[in-house]
Each structure stands twice: as structure tokens, then as C-alpha cells.
1. If the requirement is being more than 17 Å from Phe130 (Cα to Cα), of a type outside the set (Ser, Thr, Tyr), at pLDDT 95 or above and loosely packed, with under 12 Cβ neighbours inside 10 Å, which of these qualifies: Lys84, Lys4?
2. Provide a single number: the residues in the stretch 112-145 that are free of Cβ contacts under 8 Å to residues at least 40 places away in the same chain, open to solvent by 20 Å² or more (accessible area, probe 1.4 Å) and in contact with a helix residue (DSSP H, G or I) (Cβ under 6 Å, 6 or more places away or on another chain).
3. Out of all the residues in the stretch 65-75, is one or more surrounded by fewer than 19 Cβ atoms within 10 Å (Cβ to Cβ), among the basic types (Lys, Arg) and in contact (Cβ under 8 Å) with a residue 12 or more places away in the chain?
4. Against the conditions (1) touching a residue at least 40 places away in the same chain (Cβ under 8 Å); (2) within 15 Å of Lys50 (Cα to Cα), where does Lys148 fall short? Just the number, please.
5. Could you count how many residues in the stretch 56-80 are within 17 Å of the chain's Cα centre (by Cα), within 19 Å of Lys153 (Cβ to Cβ) and not small (Gly, Ala, Ser)?
6. Test Thr29 against the criterion of being modelled with pLDDT under 95, surrounded by 13 or more Cβ atoms within 10 Å (Cβ to Cβ) and assigned to a loop (DSSP other than H, G, I, E, B), and give yes or no.
7. Taking the stretch 32-55 as the search range and keeping residues that are open to solvent by 10 Å² or more (accessible area, probe 1.4 Å), under 19 Å from Phe114 (Cβ atoms) and not β-branched (Val, Ile, Thr), which one is nearest to the chain's Cα centre (by Cα)?
8. May I ask you to list the residues in the stretch 69-78 that are in contact with a strand residue (DSSP E or B) (Cβ under 8 Å, 6 or more places away or on another chain) and either assigned to a helix (DSSP H, G or I) or of a type in the set (D, E, K, R) (or both)?
Amino acid sequence: MAQKTEKTNVMRVLDAKKVKYESHCYADTDALSGVEVASILGQKPECVFKTLVTVGKTGRNYVFVVPVAEELDLKKAASAVGEKSIEMLKSKDLLPLTGYIHGGCSPIGMKKFFETTFHETAKDFDKIFFSAGKIGYQVEISPKDVEKVIRIKYADIVK
């Protein structure tokens, strides 16, 4: 578990903005669920988040960041961004759109900024964890510090 962490794009963005974070690298595997990642990090699943990319009825893309053990509620998510409906982005469209692959998607450092909504519980934690933009890498960061890097809002978006 004490592997040397290489810099990911997310870490470079955070460094450039002089935002404090801790990086975590875990064993070389790509078959981990978010709950398993939380366990490896020694954290409760409530403070480890996954990044989901969606497309609205209007064709606009949105990013939602939810606790790993939770499921995005598409109706609540659509309502949070003012869309009639949204659906998950197809896996094959993720890399060309965001620059990230499934399992290594982060709300920070995408090719372009998309409206980003964190589940409202994120602001209850001093630190949260989410992907550092590469499978096997996580950043630990204060939600307030995320707000220094990207515009985010909070809403109840899980089932």
C-alpha cells in the first residue's frame, strides 16, 4: 500500500492552484468497487466518492459526485441541473469527452468543465476522497478546497 504515487493530471491541477491534498495509491488492480477502495483506504464509504458523467435531454453533459455505496437518482439529478431527464454517459464516450477512463474519472481536470454537483453529504466531511484521475489513485481533499478549483454545488442526488 505504501507505493510511490506518480503525479496525475488532477494532482498537477491542485498543485498549480496551490490547493492542499493528500494522494493515495493502492494495489495494482482495476477490479475494485468503490466500497472496496474505501476499505483499502481505511475509510467509511460515506466519505469516498465516485464521479459519474451524464447527458441531459438537451444534450448537455453534467458531472455528479456521489458516495461510492450510493446510486445516483437520475430524476433528482435531472432536477438539480434543471433538465427534464438525464442518463448515464456511455462508457465508450467517457474518454473522448473527459480525458478519463471508467474507474479513473475525477471531477477535476476534465478536458473541459461541466456543471458539477456533489451529493449534499460531501460538505459534512472535513476531507473527502475521490479519484485522482487514474485507476488506483485517490486524492483526499477538503470539499471547501475543491470549490477553489472547480465550481460545484450540492444537492440531494442519490436514491
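The values are calculated or read from the model by the stated rules, or taken from the named source; none is laboratory data. Quantities reported herein were computed from a predicted structural model and do not represent experimental measurements. Methodologically, a virtual Cβ is constructed for each residue, glycine included, from the backbone with ideal geometry; neighbour enumeration extends over all protein chains shown. Heads up: the accessible areas ignore ligands, DNA and RNA and are worked out on the full protein's heavy atoms, side chains in. Shrake-Rupley method; radii C 1.70, N 1.55, O 1.52, S 1.80 Å.
1. Among Lys84, Lys4, only Lys84 is more than 17 Å from Phe130 (Cα to Cα), of a type outside the set (Ser, Thr, Tyr), at pLDDT 95 or above and loosely packed, with under 12 Cβ neighbours inside 10 Å.
2. So the count comes out to 1.
3. No, the conditions are met nowhere in the stretch 65-75.
4. (2)
5. 11
6. Against the criterion (modelled with pLDDT under 95, surrounded by 13 or more Cβ atoms within 10 Å (Cβ to Cβ) and assigned to a loop (DSSP other than H, G, I, E, B)), Thr29 does not qualify.
7. If we take residues in the stretch 32-55 being open to solvent by 10 Å² or more (accessible area, probe 1.4 Å), under 19 Å from Phe114 (Cβ atoms) and not β-branched (Val, Ile, Thr), then Lys50 is nearest to the chain's Cα centre (by Cα).
8. Once the filter is applied, which keeps residues that are in contact with a strand residue (DSSP E or B) (Cβ under 8 Å, 6 or more places away or on another chain) and either assigned to a helix (DSSP H, G or I) or of a type in the set (D, E, K, R) (or both), the stretch 69-78 yields Glu70, Glu71, Asp73, Leu74, Lys76, Ala77, Ala78.
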